[in-house]
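See below for the structure under consideration.
The values are calculated or read from the model by the stated rules, or taken from the named source; none is laboratory data. Being a predicted model, the structure only gives us computed values, none of them experimental. Every residue, glycine among them, receives a Cβ derived from its backbone with ideal geometry; neighbour counts consider all protein chains shown. SASA here: full protein model, heavy atoms, side chains in, ligands and nucleic acids out. Shrake-Rupley method; radii C 1.70, N 1.55, O 1.52, S 1.80 Å.
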Amino acid sequence: MRRITFILISIGLLFLSVKIFSRDFATSSFTHVESDNSTVEKLLQQVNSIKKLVRNNPNYNEEIAFFIDMKIMSGKNRFFIYDLKNDSIIDQGLVAHGLGSKIKVDGSQRFSNENSSFCTALGKYSIGKSYQGKFGKAYKLYGLENTNNNAFMRNIVLHKFESVPYEEQQSQICHSLGCPMVNETYYKRIEKLIDNSKKNIILDIYY
């Protein structure tokens, strides 16, 4: 009888631990953002700026915007899909940056709008139409500021790449030639939002 009771208790504890693990796993993707107040504050500042931009321009999507925080290490989630109406992050994932913007030993990073720099350029972008390129379906990016207005000429686009991991890492991930480059699985979710949007979605890359 004691043995049966012990087995039942063990099974109960196992189910409880699985339930707790599942709950933690379901919410873990947002842990990194919620635990860093400075990251959240900076994101909200960028969100307010984007809200003003889309409010005054009927060509831009007023419900969804994309944000990339270049201050966050590339092995961590830093590509945020933001609901402008409900003020919430609805998805996030890893994104690679330009080889020319590789983080140096002292932690410094270089950004550039120049051709052949292979750098990431900071600023607000309008996501244009898709096309079939070297990495399959990709989206043209149009820089809206002096810091990134050469994006189209530089062939800076939003695209996927198989070498970009899906899960967060403890170290930096691969680099692009200046493009925001994401995991294939995450890209499918981004792709769906862009294709279903009747207006151009804004991508904001900041530091």
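Quick one: in the stretch 46-68, which of the residues that are part of a strand (DSSP E or B) and aliphatic (A, V, I, L, M) is surrounded by the most Cβ atoms within 10 Å (Cβ to Cβ)? Residue satisfying both the conditions and the ranking: 65. Of the residues contained in the stretch 68-77, one or more are found to be at pLDDT 95 or above, closer than 21 Å to residue 148 by Cβ and small (Gly, Ala, Ser). Per the conditions (1) more than 22 Å from residue 142 (Cβ to Cβ); (2) touching a residue at least 60 places away in the same chain (Cβ under 8 Å); (3) among the β-branched types (Val, Ile, Thr); (4) in contact with an Asp or Glu (Cβ under 6 Å, 6 or more places away or on another chain), the sole criterion not satisfied by residue 81 is (1). Against the list (1) surrounded by fewer than 12 Cβ atoms within 10 Å (Cβ to Cβ); (2) in a loop (DSSP other than H, G, I, E, B), the condition residue 164 fails is (1).
Rundown of residues vs (1) over 17 Å from residue 68 (Cβ atoms); (2) out of contact with any Gly (no Cβ under 6 Å at 6 or more places or on another chain), yes/no style:
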{"site": "117", "(1), (2)": "yes, no"}
{"site": "131", "(1), (2)": "yes, yes"}
{"site": "135", "(1), (2)": "yes, yes"}
{"site": "138", "(1), (2)": "no, yes"}
{"site": "147", "(1), (2)": "no, no"}
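Could you tell me which residue of the stretch 69-83 is surrounded by the most Cβ atoms within 10 Å (Cβ to Cβ), considering only residues that are of a type in the set (A, V, I, L, M, F, W, C), closer than 16 Å to residue 38 by Cβ and in contact with a strand residue (DSSP E or B) (Cβ under 8 Å, 6 or more places away or on another chain)? In this case the residue turns out to be 80. In the set (1) of a type in the set (Asp, Glu); (2) more than 20 Å from residue 91 (Cβ to Cβ); (3) not in a loop (DSSP other than H, G, I, E, B), the condition left unmet by residue 195 is number (2). Among the residues of the stretch 122-142, is any within 23 Å of residue 92 (Cα to Cα), open to solvent by less than 70 Å² (accessible area, probe 1.4 Å), in a loop (DSSP other than H, G, I, E, B) and in contact with a Ser or Thr (Cβ under 9 Å, 6 or more places away or on another chain)? For the stretch 122-142, residues within 23 Å of residue 92 (Cα to Cα), open to solvent by less than 70 Å² (accessible area, probe 1.4 Å), in a loop (DSSP other than H, G, I, E, B) and in contact with a Ser or Thr (Cβ under 9 Å, 6 or more places away or on another chain): present. Can you confirm whether residue 116 is at pLDDT below 95, open to solvent by 20 Å² or more (accessible area, probe 1.4 Å) and out of contact with any strand residue (DSSP E or B) (no Cβ under 9 Å at 6 or more places or on another chain)? Here the answer is no, as residue 116 does not meet what is asked.
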